[in-house]
Amino acid sequence: MSEAKAKTSGLPAQAEAWQWPEEKWRKIVEKIRAGRSLKPKTWKGGARCAVALSFDSDHETQTLRWGHDSPGRLSAGQYGARVGVPRITRLLDKYDIKATFFVPAVVAMLHPDEQKRAVKEGHEVGIHSWIHELNSQLPPKNERDLQMRAADVLEKTCGVRPVGIRTPSWDFSPHTLSITREMGLLYDSSLMADDDPYELLEDGEPTGIVELPVEWIRDDAPYLSMDRFGSARPYTPPSGVLEVFMREFDQAYESGGLFLLTMHPHVIGHASRIQILEELIQYIRSHAGIWFARHDEVARYCKEKAKL
């Protein structure tokens, strides 16, 4: 609010949120909203539940994003590429499951063979920033440039143009959706307004963009991350994480919805933790009517059934 408007409204120049007029907070709330549900009556092949496994291959960008150069922290990220991804892809191949890997452009440049191999094996590679930067801290023109350049790098590396995006740390700015629309992407997977897919609205208008919602509950990092110099400490044993994920799947199965799980190769890829994923896959496969699918496949199916 300008000082002139503040004086005429009786509010200070930097008004607190509780001082905002309805017009201000309503405009903020309505900028990006959940529209109609895109949950189909049944999933592909008559399946009861869709299961979409995803892996955010942050690797070294978890350190680089902050401008840090610690070899120790960088080595923890390298573990994701050196050990985590191979361990994950072997497990997926064992159960004939295709997944989605969200990859920062810098990671694609550091580990191009990893991305090429993923696509060759039938997995999807999606946009996940340039260097795992926070979108909400970027000027709009820089966010746009980085998102578009990231897509170009992934296309050049993989030979396939990405159709979906997951913002780093699920940090979604007021400008992210308009950039995504401009790029003609099929879906986003960064927001949390539902358990099941929905159409994104921008300023109250339908966009045709499919949202595949995420949730911190269905993410390995909050339970298992470690930061020696920060407050993050693993606080849940693998068995506890498995139980949470199983209960989340149970509800998705009961409701005939989508079970979308977010994991990180440098987290889930460790020996005691990859067992979480394998036991979860075995548990899911013990149920009838399961469709394991990549994110792009889920989004296309929802869009087709909803005739978007």
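The values are calculated or read from the model by the stated rules, or taken from the named source; none is laboratory data. For clarity, every value in this text was computed on a predicted model and none was experimentally measured. As a convention, Cβ positions derive from the backbone with ideal geometry for all residues, glycine included, and neighbour counts pool all protein chains shown.
Numbers at a glance
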{"quantity": "Checking Gly208 against (1) surrounded by 19 or more Cβ atoms within 10 Å (Cβ to Cβ); (2) in contact with a Leu (Cβ under 8 Å, 6 or more places away or on another chain); (3) not acidic (Asp, Glu), the condition it does not meet", "calculated": "(1)"}
{"quantity": "Spans of helices (runs of 4 or more DSSP H) in the range 25-120 with at least 1 residues within 22 Å of Glu215 (Cβ to Cβ)", "calculated": "61-64, 85-94"}
{"quantity": "Any pair with Cβ under 8 angstrom, 6 or more apart, that starts in the range 207-229 at a residue that is assigned to a loop (DSSP other than H, G, I, E, B) and ends at one that is modelled with pLDDT of 95 or more and β-branched (Val, Ile, Thr)", "calculated": "Leu212/Val298; Val214/Thr262; Asp220/Val241; Asp220/Thr262; Asp220/Val267; Asp220/Ile268; Asp220/Ile276; Ser225/Val267"}
{"quantity": "Criterion: in contact with a helix residue (DSSP H, G or I) (Cβ under 6 Å, 6 or more places away or on another chain) and either closer than 23 Å to Ser57 by Cβ or part of a loop (DSSP other than H, G, I, E, B) (or both) - qualifying residue of Val244, Val267", "calculated": "Val267"}
{"quantity": "Hits in the range 58-75 - residues which are buried (at least 19 other Cβ atoms within 10 Å of the Cβ) and touching a helix residue (DSSP H, G or I) at 6+ places or on another chain (Cβ under 6 Å)", "calculated": "His59, Glu60, Thr61, Gln62, Thr63"}
{"quantity": "Pick from the range 1-14, criterion in contact with a Pro (Cβ under 9 Å, 6 or more places away or on another chain) and not in a helix (DSSP H, G or I), ranking: modelled with the highest pLDDT", "calculated": "Leu11"}
{"quantity": "Top-ranked residue in the range 178-195 [being not aromatic (Phe, Trp, Tyr) and not in a loop (DSSP other than H, G, I, E, B); ranked as nearest to Glu30 (Cα to Cα)]", "calculated": "Ser178"}
{"quantity": "Pairs, first assigned to a loop (DSSP other than H, G, I, E, B) in the range 150-170, second modelled with pLDDT of 95 or more and of a type in the set (Phe, Trp, Tyr), C-beta under 6 Å, six or more apart", "calculated": "Arg166/Phe102"}
{"quantity": "Count - residues of the range 110-133 that are free of Cβ contacts under 8 Å to residues at least 60 places away in the same chain, out of contact with any Cys (no Cβ under 7 Å at 6 or more places or on another chain) and surrounded by 14 or more Cβ atoms within 10 Å (Cβ to Cβ)", "calculated": "8"}
{"quantity": "Selection count where residues are closer than 25 Å to Lys303 by Cα and either surrounded by fewer than 15 Cβ atoms within 10 Å (Cβ to Cβ) or of a type in the set (Val, Ile, Thr) (or both), scope the range 217-234", "calculated": "0"}
{"quantity": "Pairs where the first residue, in the range 24-53, is under 12 Å from Tyr301 (Cα atoms) and free of Cβ contacts under 8 Å to residues at least 40 places away in the same chain and the second is assigned to a strand (DSSP E or B) and of a type in the set (Val, Ile, Thr), C-beta under 9 Å, 6+ apart", "calculated": "none"}
{"quantity": "Residue match in the range 284-293 (condition: in contact (Cβ under 8 Å) with a residue 24 or more places away in the chain, more than 16 Å from Tyr223 (Cα to Cα), within 16 Å of the chain's Cα centre (by Cα) and crowded, with 16+ Cβ neighbours inside 10 Å)", "calculated": "yes"}
{"quantity": "Residues satisfying the stated conditions in the range 247-264, i.e. assigned to a helix (DSSP H, G or I) and crowded, with 20+ Cβ neighbours inside 10 Å", "calculated": "Phe249, Ala252"}
